[in-house]
Amino acid sequence: MSRRFSVRILLSLILVALFIAQAGPWMNIQIISSLENIAYDLRLNATRPDTVDDRIVILDLDEKSLSEVGRWPWSRHHMAELLDQLFEHYNIRVIGFDMVFAEADESSGLNVLQTLANGALKDVPEFTQEFQTLRQSLKYDQRFADSLKDRPVIMGYVFNLNSEDKYNILPPSLGEVGDGLHFIQPEGYTGNLEILQKNAAGGGFFDNPRVDEDGIFRRVPLLQSHDGELYESLAMATTRMALGFPEMRIETYSDGGNYQAIESITLGDEYRINVDKNTSVLVPYRGRQGSFPYVSAVDALKQRVDQSALQGKIVLLGTSAPGLLDLRSTPVEKNYPGVEVHANVISGILDNRIKHQPSYTLGVEVLVLLVLGIAMIAITALLSPLWSTAFTLGLMLVTIAFNMLAWEAGLVVPIANTLLLLLGLFILHMSYGFFIESRGKRALAKLFGQYIPPELVDEMSADPTEIVLDGQSREMTVLFSDVRGFTTISEGLDPKELTQLMNSFLTPMTRIIHHHRGTIDKYMGDAVMAFWGAPLDDAYHAKNALYAAFEMIRELDELQQEFQQRGWPEIRIGVGLNTGTMSVGNMGSEFRMAYTALGDAVNLGSRLEGLTKQYGVTLIVSETTAEAVPECDYLELDRVRVKGKSEPVTIYEPIGLSIDLSKEERSEVRRFNKALELYRSQRWDQAEQEIFSLAQSTNTKDRKVYQIYLERIQLFRKEPPPENWDGVFTHTSK
């Protein structure tokens, strides 16, 4: 055996060993785990039934309900009326609340009336008598509690892994945790008011501490323990109540020693739920949103629903309204109502169709990796590239086929690790002895790696002849971003903290620019200069730059909380965008070169960034940028001459995508455009009236630009502009 062949076999064996370690608890490569999650999602979506289960109904606090009854939370008086309708008129089977009632309802005004009765009006017998008559009916929490009593209602509550705070009370537990058993153990909780929980038939938690690292709801726990007591989830409690509380047993696996692992939960003799060691289940999604009938809560409240739609049903009260923040990311849909996750679990329990990953899965996966790895090493090393490709594809297809057979039998066996091993061994054998990258690609990566993301380097390397390093003129878009008040910020931090702050700020900003195919030109202290349209052509350079600016602003808003937690000051930025002809290329001296952009269009972008503070906005774009991205709506700010330029330029604040704007935002843009016409035609009174009305009535935010024009109008009344005035304002500073 030649030395070269021995090295090839050794590298292959090392690769097999790494994938076996990844399969077990010895190593965790996040990207492989992410691919395994993707593989699971693909299998789930390929085999989901996509049918509607009408045994379970979602009572939806939808936009219609919030519009007719009022914003959430509703008064407990309304909740009591809703419960009365559900049980007395519709005769439902059971209801579970995917929400928690943690605070007392003071919407009746009882406290105010009590204060008056004890104070200013205590000597008014008519008021005192009327108050005593109404008093009991204004105790909305008591009214709701009375409605809960002796009815099959499961109250929702929340456990907290990261806080020891305990609010209100928990429902009665299932009992003490058995010796040797391990459950998720939260420290704190937010429960329902005592008066409500004690009158309800039971309770169940609806938090999910098993959300995967990508934020997707694939698993949910059925049981958690707190202070040595065992508690059930909302889905489990609702199911058990609907079934008449059958006996629940926890079945375990033991190695004959001290080790015990929970394997399943049984409900009576009919229902068996296979769980993992933390009593979590894989959510058996039936399909996308709408896999269960939805009934608007207000329609049920006002008896506008046919009785057959709810009679004898398992009902879950939740919401699909985006404003109530109960939308979850799931394998079947990105924005999926959280209440429907519980419904899928209940449906899966009733149908005995919850898939599981048995405890012996690790052994099976290791054996498969070992057998297939050795087969690949032994055979592909001897085959031609064509036959090696066919052999590898064949093994992959066989692996997928057997995995799907196991899936249909209700078993979840990992597959991504195996397929990646086969692919990795194939690539290793095909590429061994050859350089993967050419010298030209390495040179491009060395030159442009600090400016652009790796994927653009790959595109450039596909045809390096298109890359021109010498200076050339191109239509491009430039972005300037600058931190406001940076001098004050830097004076309040020591050098180490300032460095950490800027790194924490610039890193996500750079990532966003790269994500939108931008090129980082340079960092200038707290400022960033980037451009689009070079070194690779980009037909959508203005759009990509504008979308990057939008995302930078959103990302900075999210970073503020982290900065606050670390004791750092709030950071605000100004961003300027301009589109035009620029000179771009590798420029510098014989000692140092840099790929950069120059020209009047670049300078204008910098000036626009400087104007953001004067106009009280975060983002300003030029008219050329606005014209290049017509799918956005813009608020025209002014027609200006910036320092160093004689030609006027119209500047805009992007409001957002046209399809996302509200009627109020569209109206504001139209009204301000009309006001600008009046202003530029020197009809001061009409312009002032329109702008003042906007400043008073706008529902978006206080706009400094309105005050600017009101002040200009006052000035022009005293000192009228010249006869040839073109409405342009000249800025004399940067």
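Bear in mind these aren't lab numbers, they're just calculated from the coordinates by the rules spelled out. It should be emphasised that the depicted structure is a prediction, and the values quoted were computed from it without experimental measurement. Using ideal geometry, Cβ is built from the backbone for each residue, glycine included, and neighbour counts are taken over all protein chains shown.
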Taking the alpha-carbon set of the chain, what are its Rg and Dmax in Å? 32.9, 110
Filter the chymotrypsin sites (Phe, Trp or Tyr not before Pro) in the range 648-700 down to the DSSP loop ones having no more than 14 other Cβ atoms within 10 Å, then list what survives. none
Amide H neighbours of R484 at under 5 Å, excluding residues fewer than 5 places away on the same chain, with H built from the backbone geometry, are R572, I573, G574
Cα-centre dipole for the range 630-734 with unit charges at Cβ (Lys and Arg positive, Asp and Glu negative), debye to 20: 300
Can you name the helices of the chain, as whole DSSP H runs, whose Cα span along the helix axis is 24 Å or more and whose Kyte-Doolittle mean is not below 0.0? 3-23, 30-47, 361-380, 385-408
Between E176 and K334, 0.36 nm times their residue separation minus their Cα-Cα distance comes to what? 53.1 nm
Mean shadow area of the range 630-734 over all directions, Cα convex hull, nm²: 7.5
Quickly estimate the mean residue ellipticity at 222 nm for the chain, helices only: each DSSP H run with n ≥ 4 gives -39500 (n - 2.57), and the total goes over all residues, rounded to 500. -13500 deg cm²/dmol
HN-Hα J couplings of the range 158-170 from phi, Karplus 6.51/-1.76/1.60, θ = phi - 60°, integer Hz, Gly and Pro as x? 10, 8, 9, 6, 10, 9, 8, 5, 10, 10, 6, 10, 9
If I take R0 = 41 Å and measure r between the Cβ atoms of Y167 and T252 in this structure, what FRET efficiency does the formula 1/(1 + (r/R0)^6) give, to the nearest 0.05? 0.80
So who's got an amide H within less than 5 Å of the one on F205, skipping anything under 5 residues away but keeping other chains? H placed 1.01 Å off N, in plane. Y157, E232, S233, L234
For the pairs K139/K334; K613/K663; K64/K613; K543/K663, flag any whose C-alpha to C-alpha distance is greater than 32 Å. K139/K334; K64/K613
Taking every Cα atom in the range 56-351, find the radius of gyration and the maximum pairwise distance Dmax, and write them in Å. 20.9, 79
Summed over the other residues with a beta carbon less than 11 angstrom from that of R484, with K and R at +1 and D and E at -1, the charge totals -2
Can you give me the distance in nm between label points at D306 and I29, each placed 7 Å from the Cα along the Cα-to-Cβ direction? 5.6
Under Stokes-Einstein, with the Kirkwood radius over Cα pairs standing in for Rh, what whole-number D in µm²/s applies to the range 600-678 at 10 °C and 1.306 mPa s? 120
For the range 630-734, give me the percentage of DSSP beta bridges that are antiparallel, rounded to the nearest 5 percent. 80
Between I553 and N673, what FRET efficiency comes out of the Förster formula 1/(1 + (r/R0)^6) with R0 = 22 Å and r the beta carbon distance, rounded to 0.05? 0.40
Qualifying chymotrypsin sites (Phe, Trp or Tyr not before Pro) in the range 205-312, DSSP loop, other Cβ atoms within 10 Å at most 12: Y259
What does the charge add up to near D326, with Lys and Arg as +1, Asp and Glu as -1, over the other residues with Cβ less than 15 Å from its Cβ? -4
Among L386, V478, P322 the positive-end extreme of the charge dipole of the chain (Cβ point charges): L386
In the range 344-412, which chymotrypsin sites (Phe, Trp or Tyr not before Pro) fall in coil by DSSP and have 16 or fewer other Cβ atoms within 10 Å? Y360
Is there a quick way to get the dipole size of the range 56-351? I mean about its Cα centre, with the Cβ of Lys and Arg at +1 and of Asp and Glu at -1; what is the value in debye to the nearest 20? 600
Per-residue Cβ neighbour rank within 10 angstrom, fewest leading, T279, T487, T624: T487, T624, T279
Only Lys, Arg, Asp and Glu count, each charged at its Cβ (+1, +1, -1, -1), so figure out the dipole size of the chain about its Cα centre, rounded to 20 debye. 1400
What percent does the relative contact order of the range 658-699 come to when contacts are Cα pairs within less than 8 Å and at least six residues apart? 43
Length-normalised contact order for the chain - Cα pairs under 8 Å, 6+ apart - percent: 11
Based on the Cβ-Cβ distance from I374 to V52, what FRET efficiency comes out when R0 is 56 Å, to the nearest 0.05? 0.70
How much net charge surrounds D269 when only other residues with a Cβ under 12 Å from its Cβ are counted (Lys, Arg +1; Asp, Glu -1)? 0
If amide hydrogens are placed 1.01 Å from N in the peptide plane, which non-local residues have theirs closer than 5 Å to the one on D521? M529, A530, F531
Within the chain, the percent of DSSP beta bridges that are antiparallel, given to the nearest 5, stands at 70
